Amino acid sequence: MLGKILQFFKEPPVKPVTMSDEEVKKTYSHFRWRIFYSSFIAYVIFHICRKNIAVALPAMGADLHLSNTELGILGSTLYVTYGIGKFINGVIADKSNVRTFLPTALILSAICNICFVVSATVITPGHISFFGLPSATILLWVMAFFWGANGWFQSCGFPPVAKSLSYWFSNSERGTKWSLWSTSHQIGVFSSVMISGIVIDKFGWRAAFYIPAIICILTGIWLFDRLRDKPQTLGLPDVEKFREEPAVCDVNEEEDDRSYFQIFKENILCNPVIWMLAIAYIFVYIIRFGTEDWLVKYLVEVKGNTLTIASSKLSSLALVGAFGAILAGVISDKIYKGNRTPINIVFLICLILSLLAFASNPAERGYMDYIYAAMIGMFTSGPQMLIGGLCAVESSSKKVASASIGFTGIFGYVGAALSSGGTGFVVDKFGWDGAIAFWMLSTMICVLICTILLVYEKLRKRVKA
């Protein structure tokens with residue numbers, strides 16, 4: 001039984017190139033487009049079973065009598081398991097079949113969403129004790145378990161996508177293609193917020209978990225038909241050969257006879273650039289998830305917005321954020337010639353100003369919140385896409401593309417856990433002004449790390465010259 005399961009997920013063998021040049025071109029053109037849109041849709045749908053909790057927080061907290069700190073702890077479970085899982089599943093994804101690995105994870109994530117909300121129906125807070133503990137405490141633990149399990153399966157989504165983008169697109173086009181694909185995150189958040197807001201308004205907060213789960217299961221079945229593994233498993237040449245471009249790494253990927261562990265050690269564990277990117281990613285994720293997860297509650301409690309209006313403001317953050325990701329990728333390709341660090345610094349400074357403007361905007365000028373929230377989304381999405389994603393892949397090897405994403409992802413989701421639990425704690429202790437200060441300080445630290453990275457990159461180029 002175990003052997004059959006492993007065989008189901010095992011990476012297909014490489015096939016020799018027997019096609020004519022015309023057949024290679026036709027096959028590449030067909031599958032590159034297919035892989036791109038399938039990966040894009042997959043990541044959009046992953047988000048509707050992840051970000052639904054952000055909109056459900058106010059109603060869920062009131063219904064289950066959970067404090068901000070308890071809600072923060074609940075949200076943190078996903079980020080802890082996601083961060084650890086992103087690294088472990090990144091290593092696994094490098095040697096797994098994208099076609100089976102990704103859809104299975106999406107379906108299992110949907111099942112976790114269903115179990116999460118069922119547990120809140122079966123175990124109701126009250127005076128009943130289980131094993132000497134109040135039912136409310138047991139409920140929190142059970143929900144935390146299923147939300148944490150959801151985080152693990154959610155972490156299986158990005159690594160196979162990173163593998164696909166690395167193998168199907170060459171370096172000269174990868175910045176633009178990656179930035180276009182990365183808008184799936186913002187569109188996913190937008191879709192999740194809109195679906196959850198409408199569903200909660202009509203059917204209650206539990207439906208915000210049931211309905212997305214059904215969508216995820218159906219999409220997972222469809223993805224199994226659409227996705228394929230790397231080009232070589234279809235009898236195609238390496239993408240650099242197909243496009244007649246030199247590989248980014250000094251070592252030819254096909255002729256590299258080092259073991260996976262050697263490549264992993266040299267390109268990730270002993271790579272100072274990867275370490276700096278990973279540490280910076282902690283602070284990117286503090287601000288990213290601080291705003292995504294808590295903005296609705298902030299607008300409801302501080303500015304007196306209804307849930308529908310608050311959700312629509314959060315959706316503007318997500319939707320315009322997609323433009324920011326594209327802008328960062330294109331500018332770093334066209335203006336900075338593949339140097340991603342300067343645009344990260346510019347975006348982060350603009351993010352600090354956007355946060356300040358959003359917090360200072362009075363409730364009576366609520367229409368401006370849409371603009372400031374959109375600016376926060378735009379200036380967060382650029383560094384989020386570049387620092388732990390494209391920069392990490394380009395600073396390592398294609399053979400460990402998923403693992404490099406997973407490595408920076410661990411640090412990113414340490415930041416996410418700090419953001420979720422930390423924001424809840426800060427709000428309970430110091431109010432919402434403390435939360436804004438927490439997010440702004442995190443952004444300033446990230447600017448400092450990126451500046452150090454910029455200086456390091458210039459010094460390294462001088463030494464090589």
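The values are calculated or read from the model by the stated rules, or taken from the named source; none is laboratory data. Quick caveat, the model's predicted, so the values are computed rather than measured. A quick note on method: Cβ atoms are made from the backbone with ideal geometry, for glycine too, and the neighbour counts reach across all protein chains shown. Accessible surface areas use protein heavy atoms only, side chains included; no ligands, DNA or RNA. Shrake-Rupley method; radii C 1.70, N 1.55, O 1.52, S 1.80 Å.
How do LEU327, LEU441, LEU453 rank by accessible surface area computed with a 1.4 Å probe, from largest to smallest?
Numbers: LEU327 60, LEU441 100, LEU453 10 Å².
So, going from the largest accessible area down, we get LEU441, LEU327, LEU453.
Before anything else, pin down the relative contact order of the range 155-250: Cα pairs under 8 Å, at least 6 apart, normalised by residue count, whole percent.
Working: 37 pairs, mean separation 36.2, N = 96.
Value for the range 155-250: 38 percent.
Accessible surface of ILE138 in the full protein assembly, 1.4 angstrom probe, to the nearest 10 Å²?
Near enough 30 Å² of accessible area.
Starting from the residue with the highest accessible area, list HIS185, HIS65 in decreasing order, probe 1.4 Å. Don't skip to the answer; put the middle values down first.
Numbers: HIS185 10, HIS65 145 Å².
Result, largest first: HIS65, HIS185.
Enter the angle in degrees (range 0 to 90, nearest 10) between the Cα long axis of helix 171-203 and the first principal axis of the Cα atoms of the chain, meaning the one along which they spread out most.
Taking Cα atoms only, the helix is inclined about 20 degrees.
Can you give the calculated 222 nm mean residue ellipticity of the chain, where each DSSP H run of n ≥ 4 adds -39,500 (n - 2.57) and the sum is split over every residue, rounded to the nearest 500 deg cm²/dmol?
Working: 18 runs with 359 residues, N = 465.
The per-residue figure over the chain is -26500 deg cm²/dmol.
Once both labels are modelled 7 Å past Cα along the beta-carbon direction, what's the LYS4-LYS461 spacing in nm?
About 5.6 nm separates the two model spin labels.
Restricting to DSSP loop positions (anything but H, G, I, E, B) with no more than 15 other Cβ atoms inside 10 Å of their own Cβ, which trypsin sites (Lys or Arg not before Pro) remain in the range 22-118? Mind showing how you got there, number by number?
Numbers: sites: LYS25, LYS26, ARG32, ARG34, ARG50, LYS51, LYS86, LYS95, ARG99; in loops: ARG50, LYS51, LYS95.
Passing sites in the range 22-118 are LYS95.
Assuming 0.36 nm per residue, please report the length gained on full extension of the stretch LEU269 to VAL330 beyond their Cα-Cα distance.
Values: separation 61, 0.36 × 61 = 21.96 nm, distance 2.92 nm.
Value of the extension gain: 19.0 nm.
Full-extension gain between PHE145 and TYR210, please, as 0.36 nm times their residue separation minus the C-alpha to C-alpha distance. Numbers along the way, then the final one.
On the way: separation 65, 0.36 × 65 = 23.40 nm, distance 1.74 nm.
Contour length minus Cα-Cα distance gives 21.7 nm.
Report, in debye and to the nearest 20, how large the dipole of the range 345-465 comes out about its Cα centre when Lys and Arg carry +1 and Asp and Glu carry -1 on their Cβ. Walk me through the numbers on the way to the answer.
Working: 9 positive and 6 negative charges, 173 e Å.
It works out to roughly 820 debye.
Between SER259 and GLU23, what is the label-to-label distance in nm when each label sits 7 Å out along the Cα-to-Cβ direction?
3.8
Between LYS241 and VAL122, what length in nm is gained on full extension when 0.36 nm per residue of separation is reduced by their alpha carbon distance? Working shown, then result.
Values: separation 119, 0.36 × 119 = 42.84 nm, distance 5.74 nm.
Length difference between fully extended and current span is 37.1 nm.
Straight distance only, please: which lysines reach the Cα of LYS177 with their own Cα at less than 17 Å, same-chain residues fewer than 8 apart left out?
Straight-line reach from LYS177, under 17 Å: LYS163, LYS230, LYS334, LYS337, LYS398.
Which stretch or stretches of the range 225-244 have amide N atoms under 14 Å from the point lying 7 Å from TYR37's Cα along the Cα→Cβ direction?
Only 226-227 pass the distance filter.
With semi-axes √(5λ) of the Cα gyration tensor in Å defined as stated, name the option among (i) 37, 27, 20; (ii) 38, 31, 21; (iii) 83, 30, 17 computed from the structure displayed.
(i)
Sticking to Cα atoms, compute the Rg of the range 1-117 to one decimal and its Dmax as the biggest Cα-Cα distance, whole number, in Å.
Answer for the range 1-117, Rg first and Dmax second: 19.7, 66 Å.
Looking at the chain, which longest stretch skips every one of the chymotrypsin sites (Phe, Trp or Tyr not before Pro) that is in a DSSP loop with at most 15 other Cβ atoms within 10 Å, leaving the sites themselves out?
Free of exposed loop sites, the longest segment is 132-335.
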